[in-house]
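To start, the structure itself, in structure tokens.
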Amino acid sequence: MSHDPNCLFCKIVQGQIPSRKVYEDDDVLAFHDIHPWAPVHILLIPKLHIASMVDLGPEHAALMGKMTVLAPRLMKELGVTNGFRTLVNTGADGGQEVFHLHMHAIGGPRPWLKG
Ligand code: 5GP
Ligand code: ZN
């Protein structure tokens, strides 16, 4: 598993920085965002360090599919019953602040009002 020693989310993957985990398997980790925009706001990340969507190749298709399929399952498990928003910020102009690819899943009343 390839990690970047300077990457915040790689440190979370490796347990060097604590997080409130909601799901983990060999490929994917999901945890609560530290500054939630809505009652439920989680981040789904590949355990492998991929800086952003720009760095994806065909070899990552199954991994991204796994994250996408996982998002609604986790939101349901977290009690989100009335819809949620998913987004992936990519690059500086895309509003990406942490350069380890992550999918936001934001649920609760009107999660589109922020971000
Ligand atoms: P971006 O703008 O890169 O798409 O989003 C990065 C997200 O990571 C932000 O929503 C921010 O609140 C979250 N975040 C930043 N640092 C930490 C941290 O140390 N722990 C957790 N759980 N979330 C973080
Ligand atoms: Zn990383």
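Read the figures in this text as sums done on the coordinates, not as results from a lab. The shown structure was predicted, so the numbers you read here are calculated from the model rather than taken from an experiment. Methodologically, a virtual Cβ is constructed for each residue, glycine included, from the backbone with ideal geometry; neighbour enumeration extends over all protein chains shown.
The table that follows gives values for the structure above.
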| read-out | value |
| --- | --- |
| Helix-only [θ]222 nm of the chain, DSSP H runs n ≥ 4, -39500 (n - 2.57) each, per residue, nearest 500 | -6000 deg cm²/dmol |
| Over segment 8-113, relative contact order from alpha-carbon pairs under 8 Å, at least 6 apart, % | 32 percent |
| Semi-axis lengths, Å, segment 8-113, gyration tensor of Cα atoms, sqrt of 5 times eigenvalues | 20, 15, 14 |
| Per-pair calculated FRET efficiency, R0 = 30 Å: Asp26 and Asn6 via Cβ, rounded to 0.05 | 0.80 |
| Under 26 Å, Cα to Cα: Lys pairs in the chain, sequence gap 8 or more or different chains | 11 |
| Rounded, prolate or oblate (a/c below 1.5 giving rounded, otherwise prolate when a/b exceeds b/c) for segment 29-69 by Cα gyration tensor | prolate |
